[in-house]
Every structure is written in structure tokens, then in C-alpha cells.
Amino acid sequence: MQLSCVNFNVLATRTPAPVLQMLRKSHMSQTLKHIIVATAVVALGMHGYAGAHTVAPGPWGQLVDHQKPLQFASEKARITYFRRNQMWAMSGHFRSLEAVISYGAPFPTLIQDDAEALVRHGASLAALFPAGSQMDEGKFGAKPEIWQTSDKFARHVSSFQSAASNMRQAVANRGDLVQALTGVRHECLACHQVYRVFEPAR
């Protein structure tokens, strides 16, 4: 590959932050910097170097994402990653509601969005569990019972959707927020009790 064709900025996104910091402070020629960066990228592997951080260029500068890029060994792993992020997002909305309703956080005008989000998550909940995406034995996450007793799981999903809808109505109409929140909490716990293997406490 001709050095003149090397896009320094593209290669830099694959280069570890300490190397980039050293180069930026250096007075060496641009060509020599290209050589060092290209060598580092080739040595680490343009593809699959899990230790490299993503650089996000923009108006605030070349910002490093301290979440390292992930590698997935299978389609099931990618599904699991997406599903867990969706569940964490759902939990975040529930905890925001809890912060206001149970603990008195001074944001009562902001929780309508959280209640709406629970309804949206409920609508797509079943789709997060395609066949074959259960956890391997000994791992934490979705139990095979989700697919073995699919009719019962569907009832849990439907019950959660109803509870989320009640939560939305209670927030919109200034109804009994405590009761509505308890209803959502009950549905989450009931489903997890049967269908989830929890990660061991650290």
C-alpha cells in the first residue's frame, strides 16, 4: 500500500490512545507519523483488535469512547447483547418512575415519557426472544422455559403490557401512581422469577 494513500485519520481510529497522544505531541514529519500509525494498526490487526477504543470526531474534538468495541462469536450473542440493553433501558425508565413516585424526586412533570417508554417496550417485548436465543447452561439470562412454555410466557408479556398501560394512564390522569407502579413491579418480578437466571452477585 502506498503511504500517500493512507488516510491518517482513518488509521488513527484504530490506533491505541497512548500512541496517538505521543504522535500529536511529537515534531516528527507527517510521513513518519503515517508509518508509525500504519505499523501499529497492522501489528494489532485492522479487524478484531478488541483493545482499541473508538474515536468519535466532531465539533468537540477527537473524543475517545472508553467503552471498548465488542466482538461477538455468534448471532445469539448479538441478540443477547441487544436484548439486555433493551431490558436495562426498561429498568431505567421504571427506576425513574420509582425515583419520583416512591422517593420524591422533584421531577413529576418528566415521568410521562418514562411511562410512555414502558408501553413501547412492552409492545416489542416478545420480539426480543427469537427461537434459539436462550442462554447456554451455566450462564445467566433467558431460561429455555421461555420457549418450552411459550403460551405462559405470552401471558406474562400481555400482563406486563396491561400494567404498563395502567402506569401511563395513572401518570396522565394523576391517578394512583403508587398502585400503578406496584403493578409494573409485580409483573417484572413474576416474569423474572420464572424465566430469568440472575447473574451471581459480585
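Tabulated results
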| read-out | value |
| --- | --- |
| One residue from K152, K139 being at pLDDT 95 or above, of a type in the set (K, R) and either open to solvent by 50 Å² or more (accessible area, probe 1.4 Å) or under 24 Å from the mean Cα position of the chain (by Cα) (or both) | K152 |
| Scope segment 171-183; condition open to solvent by less than 80 Å² (accessible area, probe 1.4 Å) and touching a residue at least 24 places away in the same chain (Cβ under 8 Å); matching residues | V171, A172, L177, L181 |
| In segment 68-115, residue farthest from S133 (Cα to Cα) [restricted to those that are acidic (D, E) and open to solvent by 60 Å² or more (accessible area, probe 1.4 Å)] | D113 |
| Segment 114-137, subset of a type outside the set (S, T, N, Q) and assigned to a loop (DSSP other than H, G, I, E, B), residue nearest to A163 (Cα to Cα) | L125 |
| Index of the failed condition, A117 passing every other in (1) over 29 Å from E75 (Cβ atoms); (2) among the aliphatic types (A, V, I, L, M); (3) under 20 Å from the mean Cα position of the chain (by Cα) | (1) |
| Boolean, V171 is within 19 Å of R95 (Cβ to Cβ), of a type in the set (A, V, I, L, M, F, W, C) and either under 23 Å from the mean Cα position of the chain (by Cα) or not in a helix (DSSP H, G or I) (or both) | no |
| Check on A163, at pLDDT 95 or above and either under 22 Å from the mean Cα position of the chain (by Cα) or surrounded by 19 or more Cβ atoms within 10 Å (Cβ to Cβ) (or both) | yes |
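The values are calculated or read from the model by the stated rules, or taken from the named source; none is laboratory data. All of these numbers come straight from a predicted model, not from anything done at the bench. Virtual Cβ from ideal backbone geometry, glycine too; neighbours counted across all protein chains shown. Note: areas computed on protein heavy atoms with side chains; ligands, DNA, RNA excluded. Shrake-Rupley method; radii C 1.70, N 1.55, O 1.52, S 1.80 Å.
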